[in-house]
Amino acid sequence: MPEMRFDTYYKYAELTALLHDFAARFPALCRVTSLGRSHEGREIWLATLTNTATGPDTDKPAFWVDANIHATEVSPSACVLYTLNKVLAGYGADPQITRLLDTRALYLVPRFNPDGAELYLAERRRIRSSTRLYPWPEPRDGLHEEDVDGDGRTLLMRLKDPNGPWKAHPDDPRLLVPRAADGSDSGPYYRLLPEGFIRNYDGVQIKVAPKPEGLDLNRNFPVEWAFESEQLGAGPYPVSEPEVRAVVQFIVDHPNITGAITFHTWSAVYLRPYSAHPDDHFPTDDLWTYQEIGKQATRLTGYPAISVFHEFRYHPKETMKGDFDSWMYDHRGVYAWTCELWSPEKEAGIDLTTGPDGKGGSRYIEWTRTHPVEEDLKLLKWNDEVLGGRGFVNWYPFQHPQLGEVELGGWDIDLVWRNPPPHLLEREIAPHADFIIWHALVSPLLEWRETTVTPLGADAYHLRAVVQNTGWLPTNITARAVEKKLVQPLEVEITLPDGAALVSGERKVEAGQLTGRALKRYADFWTPDPTTDRARVEWVVRAPAGSEITLTARHPRAGKITRTLTL
Ligand SMILES: [Zn+2]
């Protein structure tokens, strides 16, 4: 096996070499191709995993996994590499993995946004997503985040200011807390700013400049796309950005994709659509199926599965637009998830699945707006005990060329918040490979239940084929897909040799959609199991004895199967 480590974050050249190394060592199982080039011209690598001896990926149901659309979210890349490694190493040894590659395909994109990730890994610059400057063609005036003292970390600056909003916590002076609203306490008071320099400082006003790279590729998908006024970073038009365009084109060109996970950080949750609508917006069967899949995500990974609209909205009055999972569900009609890996809060023993008193709803986003100070102290305690204090840099003086005496310090954002510290990486990502494998294996899958030939005399034969969906999901995957005409029906085709004639039946028969078992949640006495998971097709053929007839059943989401019958 190529050596792949899961206590490190790979730069682009290393990632590229590793992927090609895998493809070279597993030529029958792994192919590495480029989806297209990024804004800066880097290839966006796709690893296609399937056993080519049992058919090409395009004839099989497939599952999509991507990561690192957001520049600093590099542990998601590691998660996809972990999955790649696990699946290739497990083929032939692990029965589920073997069945996965024999009957299905995985499309793995470990680094959706190679430019942004490289800027982060090589230069430690934190931007949201693409490196393309947007919406301004050049940096604006104001404070720009930068490592001002050259220690390799970009932290916070703490400025003494009699009108600052913060003061030190009496028990742990590293921690800043709000000063008294009524002015009843005493200073020193502080102002907090990102570590950086101010472009065109007038000596009085400190503006915080927007990051010059203002795009968010995960707002550029063509679902409910909105302008900058409504959705920051969405770009000038849907799929305006080369990375998103390449991915959207590939996915649209591959109707065999039956589901998807996009990996991000952080929060330790699986997020599902809708981002912009309450759950009422779903066809009910789709919501129930989403919830069933979510339960399995939680069983395998410990991460809760929640709706973005109901539990993960950045602002109570705003909704997210143009995001991948909503696009996959609403425009492609498949179940798609956004997994937010890692949670420092969870590590510190802070439960975000409930309110601070253990009651009430979850507070993944609410926590970033406000939470009890005891929870900050818990985080510092975790930092001191588990990270040996490395995660929080105690304030130290620095002579800032523009602001004079300041202090630098605070959370080492890169070590603690953006991704797991390297020694915790493998533990965090490993369970998600199991969920990917499970999710890929619940797709619909066509099989022949029966093919029979009955001689009728005088070179005439009656042929009967019964095709069934053996997958857990229906062939259409979602009700939304049927409603929006996003999925074609099962087709069963008969191919005759020269000298044979079709007496009755059609050469190509449309056989609708076949159900699965997804909503068979418990056995009762009022819901029977009619055989809606199978389709029967019949023909009468006239041909000389010994002729070979080929039957092909094909469904865009359930694969293609063929069988040759000898008369
Ligand atoms: Zn993200």
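The values are calculated or read from the model by the stated rules, or taken from the named source; none is laboratory data. As the structure is a prediction and not an experimental result, all values here were calculated from the model. Methodologically, a virtual Cβ is constructed for each residue, glycine included, from the backbone with ideal geometry; neighbour enumeration extends over all protein chains shown.
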Q: Any chance you could count how many residues in the stretch 321-341 are within 16 Å of the ligand (Cβ to nearest atom) and either surrounded by fewer than 24 Cβ atoms within 10 Å (Cβ to Cβ) or under 11 Å from the mean Cα position of the chain (by Cα) (or both)?
A: 11
Q) Which members of the stretch 217-234 meet the condition of being touching a residue at least 24 places away in the same chain (Cβ under 8 Å) and within 16 Å of the ligand (Cβ to nearest atom)? A) Leu217, Asn218, Arg219, Asn220, Phe221, Gln231, Gly233, Ala234
(Q) Show me the helices (runs of 4 or more DSSP H) found entirely inside the stretch 316-375 where at least 2 residues are at pLDDT 95 or above and under 30 Å from Val248 (Cα atoms). (A) 324-332
Q: Return the residue satisfying two criteria in turn: it lies in the stretch 57-89 and is closer than 21 Å to Lys11 by Cβ, of a type outside the set (Ser, Thr, Tyr) and in a helix (DSSP H, G or I), and of such residues it is nearest to the ligand (Cβ to nearest atom).
A: Pro76
Q.
So if I check each of Thr298, Thr262, Thr289, which one is outside any loop (DSSP other than H, G, I, E, B), of a type in the set (S, T, N, Q), in contact with a strand residue (DSSP E or B) (Cβ under 6 Å, 6 or more places away or on another chain) and more than 16 Å from the ligand (Cβ to nearest atom)?
A. Thr298
Q. When you look at Arg104, is it among the basic types (Lys, Arg), farther than 30 Å from Trp382 by Cα and either more than 16 Å from the ligand (Cβ to nearest atom) or in contact with a strand residue (DSSP E or B) (Cβ under 9 Å, 6 or more places away or on another chain) (or both), yes or no?
A. yes
Q | Residues of the stretch 454-471 that turn out to be surrounded by 14 or more Cβ atoms within 10 Å (Cβ to Cβ), of a type outside the set (Phe, Trp, Tyr) and over 14 Å from Thr552 (Cα atoms), as a count | A | 6
Q) Which one of these does Thr451 not meet: (1) on the phi > 0 side of the Ramachandran plot; (2) in a strand (DSSP E or B)? A) (1)
Q. Can you tell me which residue in the stretch 18-39 is surrounded by the most Cβ atoms within 10 Å (Cβ to Cβ), limited to those that are within 23 Å of the chain's Cα centre (by Cα) and assigned to a loop (DSSP other than H, G, I, E, B)?
A. Ser38
Q. Does Pro444 meet the test of being under 30 Å from the mean Cα position of the chain (by Cα) and closer than 30 Å to Thr8 by Cβ?
A. no
